[in-house]
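Worksheet: one structure, shown below.
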Ligand SMILES: *Cc1c(COP(=O)(O)O)cnc(C)c1O
């Protein structure tokens with residue numbers, strides 16, 4: 001164990017993906033972008049494949065190529081390219097790329113030609129994205145008929161195969177928001193336009209984690225689950241699926257000391273002790289991705305578990321460290337501090353930290369890093385090994 005580390009339980013990731021697959025009943029694309037939401041992209045990808053994910057989803061071509069370089073041979077979709085990205089090695093690596101402009105189709109044609117894919121009898125795999133209301137990536141409804149027609153022409157000419165048509169929700173964690181039904185309606189219309197143009201995609205997809213859980217009509221042929229795969233809840237209190245957070249962040253307590261009433265803590269002295277107390281020093285700071293205002297926003301301060309109790313952060317989080325209120329207790333220096341985890345030992349969750357820091361759990365887990373090391377455990381096999389060892393002891 002290092003002084004301060006991220007511990008990722010791969011069994012939790014596999015288990016979450018299995019229950020999501022059961023619940024949704026369609027193919028699964030596990031989203032492993034942004035280093036697997038902070039859990040490590042390659043290990044998360046392997047866990048996802050072990051749990052039966054037919055697809056992996058990433059944002060950038062570099063992420064997609066890193067999956068291939070690590071030996072992943074399954075279906076991979078990437079969705080955020082820029083003109084400077086060289087698509088030839090991406091297409092040659094059998095990665096599905098997302099296109100939403102006619103220019104984008106031309107770039108694919110040029111890259112596929114350079115990669116010699118037509119001669120190889122392996123047309124480039126392209127998925128078209130329609131903007132159904134997020135106003136982020138994707139063809140507008142006005143651009144869609146031309147894009148679909150050009151995509152079909154190229155497909156007939158053997159330049160590429162249109163493997164998928166997809167879109168992305170803006171507000172899926174609020175199922176009663178009318179934007180969801182509106183986006184689904186625009187998606188249906190886009191599918192009809194594409195079908196009329198002669199496109200027959202393998203997969204149509206729209207749902208992220210929240211929609212996969214809350215909106216069965218949006219599941220189509222596959223769901224793209226990021227957050228829920230890591231056991232974080234995209235819509236707390238709105239469904240009954242049990243997810244297990246895979247990430248724990250822990251550190252060794254660096255110092256314990258007494259302060260007097262009236263002593264102020266950390267830069268800017270934003271907190272002053274109303275009574276004598278004890279403080280604990282935690283060797284993780286904003287360089288590791290802890291929000292500086294985790295204890296200075298409008299919400300109650302974020303907490304950590306030390307010596308069996310949750311302790312609030314006091315004062316501003318510093319670059320390398322922060323201070324917690326031990327309320328007169330004097331745990332040992334070196335004792336374990338749990339920032340967040342699955343909650344099974346009484347520690348806060350990433351969702352608790354999100355609320356305290358004025359953000360969402362996505363940001364809490366994705367930003368954590370800096371000097372922390374990452375360690376993988378497997379609560380299935382580790383437990384299995386432990387039992388095995390115990391038995392070995394008895395036999396000896
Ligand atoms: C990140 C992302 C997802 C995953 O969303 P979650 O809410 O984490 O499940 C799905 N689709 C697209 C296009 C994304 O960018």
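Taken together, the values in this text are just the output of simple stated rules run on the coordinates, not laboratory data. Not measured: the values here are computed from a predicted model. Neighbour counts are summed over all protein chains in view; Cβ atoms, including those assigned to glycine, are modelled from backbone coordinates with ideal geometry.
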query: In the chain, what % of DSSP beta bridges are antiparallel (nearest 5)?
result: 45 percent
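When a/c is below 1.5 the answer is rounded, else prolate if a/b is larger than b/c, else oblate, so apply that to region 10-230 with a ≥ b ≥ c taken from the square roots of the Cα gyration tensor eigenvalues.
On the way: a/c = 1.92, a/b = 1.14, b/c = 1.68.
Cα axes put region 10-230 in the oblate bin.
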- request: Can you pull the one-decimal nm distance between simple spin-label points at residue 272 and residue 120, each 7 Å off the Cα toward Cβ?
  value: 7.0 nm
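Taking 0.36 nm per residue of separation and subtracting the Cα-Cα distance, what length does fully extending residue 2 through residue 73 add?
Details: separation 71, 0.36 × 71 = 25.56 nm, distance 3.34 nm.
Between residue 2 and residue 73, full extension yields an extra 22.2 nm.
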field: Degrees separating the helix 10-24 axis from the principal Cα axis of the chain, which is the longest one
entry: 50 degrees
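Going by average Cβ density within 10 Å per residue, which order do the peptides 103-114, 214-225 take, highest to lowest? Before the final figure, lay out each step's value.
On the way: 103-114: 17.8, 214-225: 20.5.
Packing order, densest peptide first, comes out as 214-225, 103-114.
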query: Which distance in Å, rounded to a whole number, links the C-alpha centroids of region 1-55 and region 219-255?
result: 10 Å
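List the relative contact order of region 247-393 as a percent without decimals, with contacts defined as Cα pairs under 8 Å and 6+ residues apart. Don't skip to the answer; put the middle values down first.
On the way: 323 pairs, mean separation 38.6, N = 147.
Relative contact order of region 247-393: 26 percent.
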message: If I model a spin label as a point 7 Å beyond the Cα along the Cα-Cβ vector, how far apart are those points for residue 241 and residue 287 in nm?
response: 3.9 nm
statement: Helix 144-156 sits off the longest principal axis of the Cα atoms of the chain, rounded to the nearest 10 on a 0 to 90 degree scale, by 70 degrees
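Report the antiparallel proportion of the DSSP beta bridges in region 145-304 as a percent, rounded to a multiple of 5.
On the way: 7 of 11 bridges.
Of the beta bridges lying entirely in region 145-304, close to 65 percent run antiparallel.
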- request: Please report 227, 339 as a ranked list, fewest other C-beta atoms within 10 angstrom at the top and most at the bottom.
  value: 227, 339
query: If R0 is 22 Å, what FRET efficiency do you get for residue 140 and residue 174 from their C-beta distance, rounded to 0.05?
result: 0.35
field: Distance between region 282-308 and region 93-108 - C-alpha centres, whole angstrom
entry: 42 Å
query: Relative contact order of the chain: what whole-number percent is it, with Cα pairs under 8 angstrom and at least 6 residues apart?
result: 17 percent
task: Quote to one decimal, in nm, the extra length available between residue 257 and residue 101 on full extension: 0.36 nm per residue of separation minus the C-alpha distance between them.
output: 50.1 nm
- request: Order by neighbour count: 33, 129, fewest other Cβ atoms within 10 Å first, most last.
  value: 33, 129
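Taking the mean number of other Cβ atoms within 10 Å as a proxy for protection, how do you rank 194-205, 55-66 from highest to lowest?
55-66, 194-205
If packing is taken as the average number of other Cβ atoms within 10 Å across a peptide's residues, how do 13-24, 235-246 rank, most packed first?
Order by mean packing, descending: 13-24, 235-246.
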message: As a test of the formula, what do you get for the chain when each DSSP H run with n ≥ 4 contributes -39,500 (n - 2.57) and the sum is divided by the residue count, at 222 nm and rounded to the nearest 500 deg cm²/dmol?
response: -9500 deg cm²/dmol
- request: Could you tell me how many degrees, from 0 to 90 and to the nearest 10, lie between the Cα long axis of helix 178-196 and the main elongation axis, the longest principal axis, of the Cα atoms of the chain?
  value: 30 degrees
- prompt: In percent, what relative contact order does region 51-193 have, based on Cα pairs under 8 Å that are 6 or more apart in sequence?
  reply: 18 percent
message: Give me the extension gain from residue 195 to residue 182: residue separation times 0.36 nm, minus the current Cα-Cα distance, reported in nm with one decimal.
response: 2.7 nm
- prompt: Under the classification rounded if a/c is under 1.5, otherwise prolate if a/b is larger than b/c and oblate if not, where does the chain fall, given a ≥ b ≥ c as square roots of the Cα gyration tensor eigenvalues?
  reply: prolate
